[in-house]
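Report on one structure; see the data block that follows.
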Amino acid sequence: MMALATTGKALGDPDTYAISPAIKRYTLMDLGFTKTKNGGFQLARSLDPNSPFTAAPKLKMMVSADLSAFQLSVTTGNGLKAIDIFKTAATSDNVVQYHYILAELIERSVLVKTN
């Protein structure tokens, strides 16, 4: 697992993101983030647009306890390995769902697009 950083992107994503200066703890909780043992926040969302219960790729995001750094990745269904959903047409539905979730994070001032 990579270290938390001030900017980041998922494997294969042409866009880079950063933590929004307007980020709030309650917004993270509102969006389904859970608190980790060290006080940080974690989100894991299925990228299957039809069912959140299948073993589809997942969007995983960690935010530091002080809200200054984060990590973003797309993993296999079991969450163990980072994968690139942008390189094949077979995962185009997953890419659409990925962009939908990130658009919500941007709209709610959790992330900002840096490019």
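Taking Ala82 as the residue in question, decide whether it is out of contact with any Asp or Glu (no Cβ under 7 Å at 6 or more places or on another chain), in contact (Cβ under 8 Å) with a residue 60 or more places away in the chain and either within 22 Å of Val112 (Cβ to Cβ) or of a type in the set (Phe, Trp, Tyr) (or both). Spell out how you get there, then give the answer.
Working: out of contact with any Asp or Glu (no Cβ under 7 Å at 6 or more places or on another chain): yes; in contact (Cβ under 8 Å) with a residue 60 or more places away in the chain: yes; either within 22 Å of Val112 (Cβ to Cβ) or of a type in the set (Phe, Trp, Tyr) (or both): no.
When the stated conditions are applied, Ala82 does not pass them.
Total residues in region 61-79 satisfying the condition of being out of contact with any Leu (no Cβ under 9 Å at 6 or more places or on another chain) and either over 18 Å from Tyr98 (Cα atoms) or touching a residue at least 40 places away in the same chain (Cβ under 8 Å) (or both): the figure is 2.
Checking each residue in region 61-115 for being more than 20 Å from Lys37 (Cα to Cα), aliphatic (A, V, I, L, M) and assigned to a loop (DSSP other than H, G, I, E, B) picks out Ile83, Ile85, Val110. Of all residues in region 45-60, none satisfies being polar (S, T, N, Q), in contact (Cβ under 8 Å) with a residue 60 or more places away in the chain and not in a strand (DSSP E or B). If we keep just the residues of region 74-115 that are acidic (Asp, Glu) and modelled with pLDDT of 95 or more, which is farthest from Leu43 (Cα to Cα)? Per the criteria, the residue is Asp84.
If the condition is being of a type outside the set (Ser, Thr, Tyr), buried (at least 19 other Cβ atoms within 10 Å of the Cβ) and over 27 Å from Ser20 (Cα atoms), then region 42-101 contributes only Ala56. If you go through region 33-86 and keep only what is of a type in the set (Phe, Trp, Tyr), over 14 Å from the mean Cα position of the chain (by Cα) and closer than 18 Å to Gly8 by Cβ, you end up with just Phe86.
The values are calculated or read from the model by the stated rules, or taken from the named source; none is laboratory data. Keep in mind the model is a prediction, meaning the values are calculated, not measured. Heads up, the Cβs are rebuilt from the backbone with ideal geometry, glycines too, and the neighbour counts pull from every protein chain shown.
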